[in-house]
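What follows is a short report on a single structure.
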Amino acid sequence: MHTAHFVTRGAEKHLICPASEACVAHNAGVVEHPCMPSASHLPSAPRVRPVVDGLPAYVAGRSAQTALTAALASNESHFPPLPSVTSLMETETSRIHRYPDMASADLREAIAAHVDVSAEEVAVGPGSSGVLQQILSAVCDPGHEVVFAWRSFEAYPILAAVAGAEPVRVPLLPDEQHDLDAMAAAVTEQTRVLLLCSPNNPTGVPLDAERTEDLLSRVPPHVLVVIDEAYVEFRRRPVRWMPWSSIAAIRTSAC
Ligand SMILES: Cc1ncc(COP(=O)(O)O)c(C=O)c1O
């Protein structure tokens with residue numbers, strides 16, 4: 001079986017199943033290649049959705065340049081994994097021929113105890129962007145809106161669009177705070193998610209806890225508030241999200 005690749009020709013992307021390594025050349029932009037017919041001659045080739053075709057390319061942070069540097073903007077650490085973590089990983093590799101616990105029960109219990117909620121309130125996924133994608137897919141239908149500050153994490157408009165929703169960008173204030181009043185005003189009947197990022201990526205500015213808690217008390221009940229706390233460890237006074245039921249906090253971790 002061959003891995004499926006996207007081939008780009010002009011503005012169009014075609015999904016094909018390449019049969020040889022030569023297709024790497026195709027992916028690198030060499031359109032005419034003997035291993036397959038030209039993509040433009042494949043009228044029945046599967047097409048990606050127009051919204052996916054129009055997505056901006058995700059621009060990842062720069063990689064670390066030397067062994068002594070870490071790509072902090074990509075959440076890398078200068079410190080290697082703890083020995084307890086690597087030892088556990090080694091132990092676990094001896095059972096990778098089995099499915100893991102699909103419910104991640106032990107992990108969710110441990111996280112729940114750490115943040116003082118019940119395990120039923122915890123979901124885990126492939127990174128917090130994976131969890132966010134699941135949240136957006138679960139609550140948004142085409143035509144629904146996802147409101148977030150801009151500039152913020154560049155995955156937000158991509159994930160909202162992939163979920164079929166309309167990304168609604170609310171500009172940051174001149175001091176790079178979230179404009180919470182403007183965000184509240186941007187909420188409509190079609191809004192399903194209000195997405196906050198604290199501290200904000202890429203500006204590093206945290207949400208003002210009191211003003212955010214005031215906003216939370218005003219958000220209509222049909223709107224799920226998602227607070228992205230990927231960098232919560234850099235925040236002295238995080239938002240208290242406990243009292244609200246229509247709220248999800250997402251966090252990420254690297255060992
Ligand atoms: C604000 C913010 N949220 C979420 C993420 C995604 O983290 P993960 O790697 O867990 O998907 C990032 C990663 O850079 C981020 O900056």
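Observations on the structure shown:
- Of the peptides 227-235, 143-151, the ranking by mean beta-carbon count within 10 Å, highest at the top, reads 143-151, 227-235.
- In order through region 189-195: 3J(HN,Hα) via Karplus (6.51 cos²θ - 1.76 cosθ + 1.60), integer Hz, x for Gly, Pro: 4, 7, 5, 10, 9, 10, 10
- Taking amide H atoms as placed 1.01 Å from N in the peptide plane, the amide H of ALA249 lies under 5 Å from those of ILE227, each 5 or more residues away in sequence or on another chain.
- Between the residues VAL85, PRO100, ALA67, the greatest Cα displacement towards the positive end of the dipole of region 60-115, with unit charges on the Cβ of Lys, Arg, Asp and Glu, is found for ALA67.
- For region 140-149, backbone phi angles converted through the Karplus equation (6.51, -1.76, 1.60; θ = phi - 60°) give residue-by-residue couplings of 9, 10, x, x, 6, 10, 10, 9, 8, 6 Hz, Gly and Pro being listed as x.
- Residues with amide H under 5 Å from that of PHE153, placed H, sequence gap 5 or more: ASN201
- Whole-Hz couplings from phi, Karplus 6.51/-1.76/1.60, listed for region 178-188; x for Gly and Pro: 4, 8, 5, 5, 5, 5, 4, 5, 7, 6, 10
Every number in this text was worked out from the coordinates using simple rules, so none of it is lab data. As the structure is a prediction and not an experimental result, all values here were calculated from the model. Every residue, glycine as well, gets a Cβ built from its backbone with ideal geometry; the counts of neighbours run over all protein chains shown.
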